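The values are calculated or read from the model by the stated rules, or taken from the named source; none is laboratory data. What you see is a predicted model; the values in this text were computed from it and never measured. Cβ placement follows ideal geometry from the backbone for every residue including glycine, while neighbour counts extend to all protein chains displayed. When the accessible area is computed, the model is the full protein with side chains, heavy atoms only, and any ligands, DNA or RNA have been set aside. Shrake-Rupley method; radii C 1.70, N 1.55, O 1.52, S 1.80 Å.
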Amino acid sequence: MVKESKNVKAPVFDAQAFLDSASVARKIVTYRNSQKIYSQGNPATSVMYVQKGGVKLSVVNEGGKEAVVAILRPGDFFGEASLAGHSVRMGTATAISPSTVLVIEKREMLKVLHEQHDLSDRFITFMLARNIRIEEDLIDQLFNSSEKRLARTLLLLARYGKEDKPHGVLPEVSQETLAEMIGTTRSRVNFFMNKFRKLGFIKYNGGIEINTSLLSVVLHD
């Protein structure tokens, strides 16, 4: 009698390979640094997937004040509110470096999610993680200092704790954007970044490299 192995793991679904395949009708669009992908109020007719580069999601209130709500990297979906019945974009998406984005029309995405369970599972997992992240960000804004908020944001951008993602090096993101994300000024961000560098938590080498010791700032009371 052949015993079934308990150590065999199911292969991880590769969303990128699936979306790149001919079975999904999509178009590939490239964007230059700082180019808008879509603007707040534009018609919401598609879902997008970051293939290369990075994307900033932001919203502007009636007074014209902008808030950055997320920085996305390869493997992230965005524009998914169109699937929930939103007819216009709730925010603005901007490339923060030369980026390649897969654009999937709403009707096609709904069809694929119904037919391809592996992709729908991946998509649901992403959306749940996004909702948890939003709740954590709100708690972070309410209870933590700007220094802790910056340290946590840097670790999240570097994909700290994500076993299936490379981490340690940040995507291209300005201090102005970091300030908008954590709700402080650029001068404060610059002050803490210099402090982190002197303590060896980060270093500049053609980009910002994050040392996992930066976690001590987040955990310190």
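Assorted remarks:
- Of all accessible heavy-atom area on the chain, the percent that carbon and sulfur account for (1.4 Å): 54
- Counted charge near His86, where neighbours are those whose Cβ lies closer than 12 Å (Asp, Glu -1; Lys, Arg +1): +1
- Charged neighbours of Thr153, selected by a Cβ distance under 10 Å, balance to +1 (K, R count +1; D, E count -1).
- Each DSSP beta bridge with both residues in the chain is either parallel or antiparallel, and the antiparallel ones are about 100%.
- About the Cα centre, charge dipole magnitude for the chain (Lys/Arg +1, Asp/Glu -1 at Cβ), debye: 480
- Cα centroids of region 33-56 and region 86-151: 12 Å apart.
- A 1.4 Å probe run over region 18-151, with the rest of the protein chains in place, finds 53 Å² accessible per residue.
- Spacing of the two label points (7 Å from each Cα toward its C-beta) at Glu108 and Val69, in nm: 2.5
- Two-site FRET efficiency, Ser34 against Thr125, from Cβ-Cβ distance with R₀ of 30 Å, rounded to 0.05: 0.45
- Furthest towards positive pole of dipole, Thr184, Val24, Asn211, structure part the chain, Cβ charges: Asn211
- Given the choices (i) 59, 55, 33; (ii) 49, 35, 34; (iii) 46, 44, 33, Cα extents along the principal axes in Å derived from the coordinates of this structure is entry (i).
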